[in-house]
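Taking it in order: structure first as structure tokens, then the write-up.
The values are calculated or read from the model by the stated rules, or taken from the named source; none is laboratory data. Being a predicted model, the structure only gives us computed values, none of them experimental. Ideal geometry is used to build each Cβ from the backbone, glycine not excepted, and the neighbour counts take in all protein chains shown. Ligands, DNA and RNA are excluded from the accessible area calculation, which covers all protein heavy atoms including side chains. Shrake-Rupley method; radii C 1.70, N 1.55, O 1.52, S 1.80 Å.
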Amino acid sequence: MSVAEVIKYGDPHLRNVCSEVDDFKILPEIVSQMYDTMYEESGIGLAANQIGIDLNLFIIDITHTDEADGPSEFVNGKIMDSRGEATFSEGCLSIPGVEFEIMRPEFVTLQYQKLDGTKHTTEFDGLYARAIQHEIDHLNGKMIIDHVSAITRLRYKSQLKEIKEAAETRNFNSAKTNTSARL
Ligand SMILES: [Zn+2]
């Protein structure tokens, strides 16, 4: 087990646009650490920059639903197309204790590579599409907070300030919640 610290809102890593992966040999070790960290935090998705690694890489495990047979890794992911609309409550391991209702496309077509470098283009829907969009946002330096209105942000102002200050001082003990969509 190798659990990394999940970087919190306020840390500049979360605002970086991640670089494309070209050395696939380094991935197994990073991915293994990402899984250990995600499971430790009871998340269903994690982007590499959430543990301070600015690479276009994320993992998803939604095997608690019947949408997926197993956990999956996505390298150099890029959303090529999207359609439909759905609203769903999203939490984020980098913004503990906060959830927002976020409207996103219901279906997305993702171009990506697997850990062995093979290229794929697949359409996803449901929780899978939701999680993919959340993680792709992370890799582009975007977070759920960027999807909500100024009024909603204002309502969470003190909570966000607290998380941000904790991230800045790096003395933060991650809050545990029981939501099913922590990503
Ligand atoms: Zn997140």
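Answer yes if at least one residue in segment 48-63 is acidic (D, E), open to solvent by less than 50 Å² (accessible area, probe 1.4 Å), away from the ligand (no atom under 14 Å from the Cβ) and touching a strand residue (DSSP E or B) at 6+ places or on another chain (Cβ under 7 Å), and no otherwise. Within segment 48-63, one or more residues are acidic (D, E), open to solvent by less than 50 Å² (accessible area, probe 1.4 Å), away from the ligand (no atom under 14 Å from the Cβ) and touching a strand residue (DSSP E or B) at 6+ places or on another chain (Cβ under 7 Å).
Search segment 6-20 for residues being in contact with a strand residue (DSSP E or B) (Cβ under 9 Å, 6 or more places away or on another chain) and open to solvent by 10 Å² or more (accessible area, probe 1.4 Å), and hand back the single one that is nearest to the ligand (Cβ to nearest atom). Looking at residues that are in contact with a strand residue (DSSP E or B) (Cβ under 9 Å, 6 or more places away or on another chain) and open to solvent by 10 Å² or more (accessible area, probe 1.4 Å), I get C18. Looking only at segment 44-66, decide whether some residue is modelled with pLDDT under 95, in contact with a helix residue (DSSP H, G or I) (Cβ under 6 Å, 6 or more places away or on another chain) and not β-branched (V, I, T). Taking every residue of segment 44-66 in turn, none turns out to be modelled with pLDDT under 95, in contact with a helix residue (DSSP H, G or I) (Cβ under 6 Å, 6 or more places away or on another chain) and not β-branched (V, I, T).
No other residue among E99, E67 is in contact (Cβ under 8 Å) with a residue 60 or more places away in the chain and either of a type in the set (K, R) or closer than 29 Å to I151 by Cα (or both) apart from E99.
Just name the residue that is nearest to the ligand (Cβ to nearest atom) out of those in segment 74-122 that are open to solvent by less than 20 Å² (accessible area, probe 1.4 Å) and of a type in the set (D, E, K, R). The selected residue is E90.
Looking across segment 1-59, the residues that are among the charged types (D, E, K, R) and in a loop (DSSP other than H, G, I, E, B) come down to E5, K8, D11, E20, D22, D23, E41, D54. Scanning segment 137-153 for residues that are within 11 Å of the ligand (Cβ to nearest atom) and in contact (Cβ under 8 Å) with a residue 24 or more places away in the chain returns H138, L139, M143, I144, I145. Tell me, yes or no, whether segment 22-34 has at least one residue that is in contact with a strand residue (DSSP E or B) (Cβ under 6 Å, 6 or more places away or on another chain) and either more than 12 Å from the ligand (Cβ to nearest atom) or acidic (D, E) (or both). Yes, because at least one residue in segment 22-34 is in contact with a strand residue (DSSP E or B) (Cβ under 6 Å, 6 or more places away or on another chain) and either more than 12 Å from the ligand (Cβ to nearest atom) or acidic (D, E) (or both).
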